[in-house]
Amino acid sequence: MFDITKILTDLTQLISLFDIQNIPLPLTGVGGAVEAREYVNLIPLLKFTTLFLIGVGAVFGLGLAFAAKKFAVYRDPRIEQVKEVLASAHCGACGYAGCEQYAEAVVTKPEVPPNLCTPGGAATAETVARITGKAAGAIVPNFARIMCQGGWSKSQKKYKYEGIQDCRAIILAGGGDKSCRYGCLGYGTCERVCPFGAITMTDDHLAFVDITKCTGCRKCEAACPTKVIEVLPTSKQVLVSCHSKDKGVDTKKNCQVGCIACSTCVKVCPFDAPAVENNLSKISLDKCKVCGLCVSKCPTKAIDDFIPRRSKAIVLDHCIGCLICMKVCPVNAAYGEHKKLHVIDQTKCIGCGICTAKCPVQAIDGTFNAAEVFATAAAKKAEKAA
């Protein structure tokens, strides 16, 4: 606390140095020396003013302190803890503007899960879950997929473009220089906006995604003017890599690898996953079992198989010879006699896994190492891009 007495004493001593008690005042009127005082003592006035100012300051200070306490906004300390463990990429993959906004939401809102920071991975999700007291849950990685295989060598051009090398710039010039208005333009906008360096452009001017670097942040998806990029779950490895809604005859003129809506995939799929709508086949992610049968049947190779090496089915010794594998095999690779050990022709087997799923005694082995398959897929794509 301030010692007011001491302050007033010091102030009085300071005033005395200037002889404020003997400040002359001008004489006014006839006999002014008699009617007005020639000298005024200002010490009492200064003391009063000082006390008044100190009192007013104290009142306002107490008022501000009370207001700060009364209207203070509480900030949960866990918000800063969560913010520190996030990837700090501010990529927007979590659905929020930045890491701070997600940290505040995951702490204050019970419905926000702790596993939305995809760049941070499982370790970050577990740490956020521990801080917030929530269940981490399983994380299904998402990757960006380029839904177009029509590079410049496989597609037609409407005109020669010599402007700014940016997809968003060329889209303003008549909707782009490609005859197919749904395809990848190939000017690298997605490569430049990717904060993780997961997208590169091939020699054929087609975007290539390195799934080992992609976090599914959706920045490329938002930047692509033709919306040819989709962020999809890792488990979905068989996709129609085309977005063209033109009629089949027009698509064939514009691109060598476009979907012509021939419905072959619809006919051969045992799970009714593909469906043709608006002159384009689309595979239902919920129905697709990633068997890959449609890949080999597609006449234009518009369906992309991201699993380059599939495991072949092998019949185990406890096969009961029920003939079910023979009935469900789409390529007639399984054969054998009733109630005897069956055999699967490895030269015909496509590794679709249908027989493995249908076998009543689980006598068919067709499992594979998912991590190994994904790594192999990335290597194959990189080799193809080079």
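Tabulated data for the structure shown
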read-out: Among (1) within 30 Å of V249 (Cβ to Cβ); (2) of a type outside the set (V, I, T); (3) surrounded by 17 or more Cβ atoms within 10 Å (Cβ to Cβ), the one test that K160 misses; value: (3)
read-out: Selection from the range 89-101 of residues that are out of contact with any strand residue (DSSP E or B) (no Cβ under 9 Å at 6 or more places or on another chain) and either under 16 Å from I131 (Cβ atoms) or surrounded by 15 or more Cβ atoms within 10 Å (Cβ to Cβ) (or both); value: A89, H90, C91, G92, C94, Y96, G98, C99, E100, Q101
read-out: Close pairs from the range 110-124: first over 23 Å from I211 (Cβ atoms) and without any contact (Cβ under 8 Å) to a residue 40 or more places away in the chain, partner assigned to a loop (DSSP other than H, G, I, E, B) and not basic (K, R), Cβ under 6 Å, at least 6 apart; value: P114/A136
read-out: Filter pass, K253 being touching a residue at least 40 places away in the same chain (Cβ under 8 Å) and either surrounded by 16 or more Cβ atoms within 10 Å (Cβ to Cβ) or closer than 21 Å to V231 by Cα (or both); value: no
read-out: Condition check for Q81: in contact with an Asp or Glu (Cβ under 8 Å, 6 or more places away or on another chain) and either at pLDDT 80 or above or of a type in the set (G, A, S) (or both); value: no
read-out: The range 284-304 - residue that is within 10 Å of C265 (Cα to Cα) and of a type in the set (A, V, I, L, M) and, of those, surrounded by the most Cβ atoms within 10 Å (Cβ to Cβ); value: I303
read-out: Selection within the range 76-132 - assigned to a loop (DSSP other than H, G, I, E, B) and β-branched (V, I, T); value: V112, T118
read-out: Tally of residues being of a type in the set (S, T, Y) and part of a loop (DSSP other than H, G, I, E, B) across the range 279-317; value: 3
read-out: Pair list, Cβ < 6 Å and 6+ apart or interchain, from the range 58-81 residues that are without any contact (Cβ under 8 Å) to a residue 60 or more places away in the chain to residues that are of a type outside the set (S, T, Y); value: D76/V107; R78/V107; R78/I131; I79/A103; I79/E104; I79/V107; Q81/I131
read-out: Test result for C194, buried (at least 21 other Cβ atoms within 10 Å of the Cβ) and under 28 Å from C262 (Cβ atoms); value: no
read-out: Residues (surrounded by fewer than 22 Cβ atoms within 10 Å (Cβ to Cβ) and modelled with pLDDT of 90 or more) located in the range 173-191; value: D177, S179, R181, G188, E191
read-out: In the range 318-347, the residues that are modelled with pLDDT of 85 or more, assigned to a loop (DSSP other than H, G, I, E, B) and surrounded by 13 or more Cβ atoms within 10 Å (Cβ to Cβ); value: C319, I320, G321, C322, L323, C329, A333, G336, L341, H342, D345
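The values are calculated or read from the model by the stated rules, or taken from the named source; none is laboratory data. These figures come from a predicted structure and were not determined experimentally. Cβ: placed from backbone, ideal geometry, glycine included. Neighbour counts: every protein chain shown.
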